Amino acid sequence: MRKTAGELAHEISKDTTKYDMLEVGHAVCEDIPDEIYKCIDAHNPIFDMDEYYVVMLIVKDSLNDKLWRRKFYAYPFMPKPRPNQSVFLYNKPLDRIKRLWVLPNAAAMSMLSELVVVDPNYYTMKKWSDAFFEKKFWETIREEQNRKDLLSEDEALSINWDKLVKAREENITSLRAQSTNETQVHANEFIDARNAITLQESNNNSRNT
């Protein structure tokens, strides 16, 4: 019988075992590629584009602050950087993922950014942390990848704004209310609200992660 969240939390609170953090880290990372591809399989039919982003967040469990969970989701633009976040670029034609950045928790980001010299293993993470606090994060990622076409949501919308507005104008022209001449309005021209039909957009499907 499956244990409840309360039972698991009680067991964890009584556990006095000392764990090797390196071993824990390796165990946590073992199945990350599998989880990334589960997210990709769910989003390939949704995203009609050759490349998109897969994001992994590490968050505290809502019921037990001693538990941490990994959450995976896909995004069509470069997501905003935040602590405990890993971002990968997925190429659909090649079926290949590429790591773009990995950010530690907020305290570690702050510490790395303040240090002048760090261990070589943390050099790249320090560079990302520095870019985060200097508000030059996306520019840094584009420079590292030599890809000027990696855009954030705001950047993509800004570049394509005219096209989006034009497309929206074409789609809603038939739905706009026409101006009415008050002198031509008669009582029998009003529609009974009970007989009105409302239209709902069909694109409000929730994203599967």
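Give, as a single signed number, the net charge of other residues whose beta carbon lies under 14 Å from the beta carbon of L112, with Lys and Arg counted +1 and Asp and Glu -1.
For residues surrounding L112, the net value is -2.
Within 15 Å, Cβ to Cβ, of K92, how many net charges do the neighbouring residues add up to if Lys/Arg are +1 and Asp/Glu are -1?
Taking every other residue near K92 into account, the sum is -3.
5 Å is the cut-off here: which amide hydrogens, built 1.01 Å from N in the peptide plane, fall below it relative to L100, excluding neighbours closer than 5 in sequence?
Long-range HN contacts for L100: V87, F88, L89.
Starting from the Cα gyration tensor of region 23-159, multiply each eigenvalue by 5, take the square root, and state the resulting semi-axes largest first in whole Å.
Each semi-axis is √(5λ); the values are 24, 21, 14 Å.
Through the Karplus equation 6.51 cos²θ - 1.76 cosθ + 1.60, θ set to phi - 60°, convert the phi angles of region 49-60 into ³J(HN,Hα) values in whole Hz; use x for Gly and Pro.
8, 6, 9, 8, 10, 10, 10, 10, 10, 9, 10, 6
Throughout, read-outs are computed from the coordinates displayed, never taken from laboratory work. No experiment lies behind these values; they were computed from the predicted model shown. Don't worry about glycine lacking a Cβ; one is built from the backbone with ideal geometry, like all the others, and counts go over all protein chains shown.
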